[in-house]
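Participant: Here it is, the structure in full.
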Amino acid sequence: MDGSAKITEIKGVGEKTAKLFQKLNIRTVEDLLHNYPRDYEDFREPLAISDCTAGELCSVRACLAGNITAKKVRNLTILNFVVKDAGGQIFMTYFNMPYVKSILKKGLFYIFRGVVQEKNGRLVMEQAKIYKPEEYFKLTGILQPRYPLTAGLSNHMVARAIKQALSLYEFPPDHLPEWVKDGQQLADHRKALEEIHFPPDLESMRRARRRLAFDEFFLFILMLRKCREQNEGLENRYPMMEAAQTKRLLEALPYELTVAQKRVWEEIKADLQGKKVMNRLIQGDVGSGKTILAFLALLMCAANGYQGALMAPTEVLAAQHYESMTELTEKYGLPFRPVLLTGSMTAKEKRRIYEAVSCGTANVIIGTHALIQERVEYRKLALVVTDEQHRFGVRQREHLAEKGENVHVMVMSATPIPRTLAIILYGDLDISLVDELPADRLPIKNCVVGTEYREKAYRFITREVEAGRQVYVICPMVEEGELEGVENVVSYTEKLRSILPQDIQVACLHGKMRPADKNRIMEEYAAHNIDVLVSTTVIEVGINVPNAAVMMIENAERFGLAQLHQLRGRVGRGEYQSYCIFINGSGKPQAFERLDILNRSNDGFYIAEEDLKMRGPGDLFGIRQSGLMDFKVGDVYQDADLLKEAGACVEKLLAEDEGMERPEHRALLDYVDKVFWQADVRTI
């Protein structure tokens, strides 16, 4: 079976199931095989209750002691009971799971699996999974893959389809040259694919993951080098003069640029006035003032008679950029004629904007991916600015740049990446650092606490909402059952609605929602029709709400420090004192020690460097530590050494065989030509 075959060719996958897979962007056998497990469950022998450690995921063999009590708090049903074994007892709590009462029979033993917590001197489990002993013991000793799911698609269905696909798939020759595999001690590609899904043991899974992560880094860096070769030395077809309008705007602004902003602005101007095309990354912490630099570059472009485009990752952020530019234009009499173009607009609205863009009436086009659709024809596109550019594919950025000829490209990112890694990851771009925050910004107040702090946190959230502020609550998972002992958005939203006063509006947001629903929720939150937004990391970019002053992050130990720092950048954007509460769900001292770095510093680049020191390739379970670059397996912080090794291998390959013409590189060249360049999944 070829990788391009539709998944309906797999036994047991009909049209109905295929539609469910499509919701996860799985349409072909190739897509299915590269839909890697998000996590693995390791079912070990049950422990005696007396041997359980607080903060650990444990399985215990115990029986019901006493009665199950049930109480109703608004829409929340809470069950409480005690289970015992020969040496101890655990207090069990279940939310909105009334059927548990009918499952358990007195006198019978069950296996309870969940994260053990210590509260008020007693051991507690919440939402523990319940197994009959015979069911549980069938699973022991095997790493069970857990896949991303959607409603109607079970983990068993996905695993069964992948097993079928692996048995039928015609594996092509391994694309990595033997000298790379031998030098890095990497597994064969076929074996890695088989064992990432169904590893016989932990060590096999580690080897498979290492090979696939190396693949992602190696091919990504190779593509960047090719991009740089294409872009290097391109003649500047749109040379610009320094415009009086930019000087006037800088004089009129109610604040002065920081030293770092001034330095970077000089670098941007030199690029736009120079002989070669600009390809520059503006990297700066949240709140460092990158957006005004983008507006200044677009102003210089417009004042010179050209068009500029600003592409944002979400419709809400694109609309906020458009509103900010319109306000600046009216306030300071700037020569901007901006238009907003997004996918949700009506056909009639789009036609009007297409006309304005093609005839040159609009000189700044702000939008989302709609900017690179084929029907958009620019009159004189000279500058492309992308915001949070690691969310866009290299090919997408190139497609937008191709709307003009030798277009200047400016990229903005608030993702704190240590410079050693940024040089590799942004290998086709010159890097400018905005490494200074405006003096008038109030630093965010942080605290790292255990789960016992929750009730106090809820009271604090209530007070802040009553004072007119808004709140984010971040959970790692979308729905219950995705990972045990980890908070999820859907259940947490219901819990908060029952705990907080009824007049506080609570809503939820996550990546499984339809784009239109996500946009509606973000717009409602931005308009302050929602007080508390319970969300996954989908809010990491894409919304600017100055009134949001509190963030609480559940299971903070599950995230990378750099990602936590970027999340808290959603607050502290207005005039009010802002707060970030990091809940250590594990209770482990090591987790408190690591999270305390966020307590001590609000400097994203310092935090990113510390993140590298404190994390290693052994940290494989749990939530992916960073979604940076949208690598499916690799993590640029956790696998920093592997990333550097992949970079060194690419350098060696291109130094010795730039055109990949040697026989030993033929499979790699074929893979790059046929597969890699067609895909727009590797992003920078």
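The values are calculated or read from the model by the stated rules, or taken from the named source; none is laboratory data. What you see is a predicted model, and the numbers here were worked out from it, not measured in a lab. Reconstructed Cβ throughout: ideal geometry from the backbone, glycine too, with neighbour counts over all protein chains shown. Heads up: the accessible areas ignore ligands, DNA and RNA and are worked out on the full protein's heavy atoms, side chains in. Shrake-Rupley method; radii C 1.70, N 1.55, O 1.52, S 1.80 Å.
One line per residue, one yes/no per condition, for (1) under 20 Å from Pro313 (Cα atoms); (2) without any contact (Cβ under 8 Å) to a residue 12 or more places away in the chain; (3) touching a Cys at 6+ places or on another chain (Cβ under 9 Å):
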site	(1), (2), (3)
Pro515	yes, no, no
Ala527	yes, yes, no
Ile543	yes, no, no
Ile553	no, no, yes
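Participant: Within the stretch 51-64, is there a residue that is open to solvent by less than 20 Å² (accessible area, probe 1.4 Å), among the small types (Gly, Ala, Ser), in a loop (DSSP other than H, G, I, E, B) and closer than 23 Å to Ile142 by Cα?
Facilitator: yes
Participant: Further question on the same structure: Identify, from the list Glu170, Glu118, the residue that is open to solvent by 70 Å² or more (accessible area, probe 1.4 Å), within 30 Å of Leu212 (Cβ to Cβ) and touching a residue at least 24 places away in the same chain (Cβ under 8 Å). Walk me through how you get there before you give the answer.
Facilitator: Values: Glu118 fails: within 30 Å of Leu212 (Cβ to Cβ).
It is Glu170.
Participant: Further question on the same structure: Given the criterion closer than 25 Å to Arg38 by Cβ, of a type in the set (Lys, Arg) and open to solvent by 10 Å² or more (accessible area, probe 1.4 Å), identify the matching residue among Arg520, Arg570. Before the answer, list the steps.
Facilitator: Details: Arg520 fails: closer than 25 Å to Arg38 by Cβ.
Exactly one of Arg520, Arg570 is closer than 25 Å to Arg38 by Cβ, of a type in the set (Lys, Arg) and open to solvent by 10 Å² or more (accessible area, probe 1.4 Å), namely Arg570.
Participant: Which of (1) open to solvent by 30 Å² or more (accessible area, probe 1.4 Å); (2) among the basic types (Lys, Arg); (3) at pLDDT 95 or above does Lys275 not meet, given it meets every other one?
Facilitator: Here Lys275 meets the rest and fails (3).
Participant: How many residues does the stretch 243-262 contain that are free of Cβ contacts under 8 Å to residues at least 60 places away in the same chain and either touching a strand residue (DSSP E or B) at 6+ places or on another chain (Cβ under 9 Å) or open to solvent by 50 Å² or more (accessible area, probe 1.4 Å) (or both)?
Facilitator: 7
Participant: Of the conditions (1) assigned to a strand (DSSP E or B); (2) under 21 Å from Ser154 (Cβ atoms), Val115 fails just one. Which one is it?
Facilitator: For Val115, the failing item is (2).
Participant: In addition: Restricting attention to the stretch 131-148, report how many residues are modelled with pLDDT of 90 or more, in a loop (DSSP other than H, G, I, E, B) and buried (at least 17 other Cβ atoms within 10 Å of the Cβ).
Facilitator: Going through the stretch 131-148 one residue at a time, the tally reaches 1.
Participant: Here's another thing I want to ask about it. When you scan the stretch 184-203, do you find a residue that is among the hydrophobic types (A, V, I, L, M, F, W, C), assigned to a helix (DSSP H, G or I), within 15 Å of Glu30 (Cβ to Cβ) and modelled with pLDDT under 95, even just one?
Facilitator: The answer is no; no qualifying residue exists.
Participant: Looking at the stretch 65-85, which of the residues that are within 37 Å of the chain's Cα centre (by Cα) and part of a strand (DSSP E or B) is nearest to Gln117 (Cα to Cα)?
Facilitator: Asn80
Participant: Has the stretch 82-93 got any residue that is β-branched (Val, Ile, Thr) and within 30 Å of Glu216 (Cα to Cα)?
Facilitator: Taking the stretch 82-93 and keeping what is β-branched (Val, Ile, Thr), we get 82-83, 90, 93.
Going one step further and asking which of them are within 30 Å of Glu216 (Cα to Cα), we end up with none.
No, the stretch 82-93 contains no residue that is β-branched (Val, Ile, Thr) and within 30 Å of Glu216 (Cα to Cα).
Participant: Quick check, is Val116 in contact with a Gly (Cβ under 9 Å, 6 or more places away or on another chain) and aliphatic (A, V, I, L, M)?
Facilitator: So Val116 fits the description; yes.
Participant: Of all the residues that make up the stretch 78-92, how many are under 21 Å from Glu479 (Cβ atoms) and surrounded by fewer than 17 Cβ atoms within 10 Å (Cβ to Cβ)?
Facilitator: The total comes to 0.
Participant: Quick one: which residue in Met205, Met240 is closer than 18 Å to Val385 by Cβ and in contact (Cβ under 8 Å) with a residue 12 or more places away in the chain?
Facilitator: Sole residue among the options that is closer than 18 Å to Val385 by Cβ and in contact (Cβ under 8 Å) with a residue 12 or more places away in the chain: Met240.
Participant: Could you please give the count of residues in the stretch 340-379 that are over 18 Å from Asn519 (Cα atoms), open to solvent by 40 Å² or more (accessible area, probe 1.4 Å), outside any loop (DSSP other than H, G, I, E, B) and not charged (D, E, K, R)?
Facilitator: The total comes to 3.
Participant: Output the number of the condition that Lys71 fails; it satisfies all remaining conditions of (1) open to solvent by less than 80 Å² (accessible area, probe 1.4 Å); (2) under 29 Å from Leu500 (Cβ atoms).
Facilitator: The one condition Lys71 does not meet is (1).
Participant: Output yes when any residue across the stretch 76-92 is in contact with a Pro (Cβ under 8 Å, 6 or more places away or on another chain), polar (S, T, N, Q), more than 25 Å from His156 (Cα to Cα) and modelled with pLDDT under 95, and no when none is. Lay out the reasoning, then the answer.
Facilitator: Restricting attention to the stretch 76-92, the residues satisfying the condition of being in contact with a Pro (Cβ under 8 Å, 6 or more places away or on another chain) are 77, 79.
Then drop every residue that is not polar (S, T, N, Q), which leaves 77.
When the remaining residues are screened for being more than 25 Å from His156 (Cα to Cα), the result is 77.
Retained after the next criterion (residues that are modelled with pLDDT under 95): 77.
Yes, the stretch 76-92 contains at least one residue that is in contact with a Pro (Cβ under 8 Å, 6 or more places away or on another chain), polar (S, T, N, Q), more than 25 Å from His156 (Cα to Cα) and modelled with pLDDT under 95.
Participant: Which of the helices (runs of 4 or more DSSP H) found entirely inside the stretch 242-336 contain at least 2 residues meeting this: more than 33 Å from the chain's Cα centre (by Cα), among the charged types (D, E, K, R) and at negative phi? Break it down into steps so the answer makes sense when it comes.
Facilitator: Details: elements: 244-252, 259-273, 290-303, 315-332.
Helices (runs of 4 or more DSSP H) meeting the threshold: 244-252, 315-332.
Participant: Let me ask you something else. Failed condition for Ala208, given (1) closer than 26 Å to Asp2 by Cα; (2) open to solvent by less than 10 Å² (accessible area, probe 1.4 Å); (3) over 27 Å from the mean Cα position of the chain (by Cα), with all others met?
Facilitator: Looking at each condition in turn, Ala208 falls short on (3).
Participant: Out of the residues in the stretch 1-50 that are free of Cβ contacts under 8 Å to residues at least 24 places away in the same chain and among the small types (Gly, Ala, Ser), which is most open to solvent (accessible area, probe 1.4 Å)?
Facilitator: Taking the candidates together, the pick is Gly14.
Participant: Let me ask something additional. Go through Ala128, Ala151, Ala161 for me and flag whichever is under 32 Å from the mean Cα position of the chain (by Cα) and open to solvent by 60 Å² or more (accessible area, probe 1.4 Å).
Facilitator: None of the others qualify; the one that does is Ala151.
Participant: What number of residues within the stretch 611-640 are more than 28 Å from Glu41 (Cβ to Cβ) and at pLDDT 85 or above? Please lay out each step first, then the result.
Facilitator: Quick first cut of the stretch 611-640, residues more than 28 Å from Glu41 (Cβ to Cβ) only: 612-613.
Subsequent filtering for residues that are at pLDDT 85 or above retains none.
Adding up the residues that qualify gives 0.
Participant: Follow-up. Arg113 fails exactly one of the following numbered conditions: (1) under 24 Å from Thr140 (Cα atoms); (2) open to solvent by 20 Å² or more (accessible area, probe 1.4 Å). What is the number of that condition?
Facilitator: (2)
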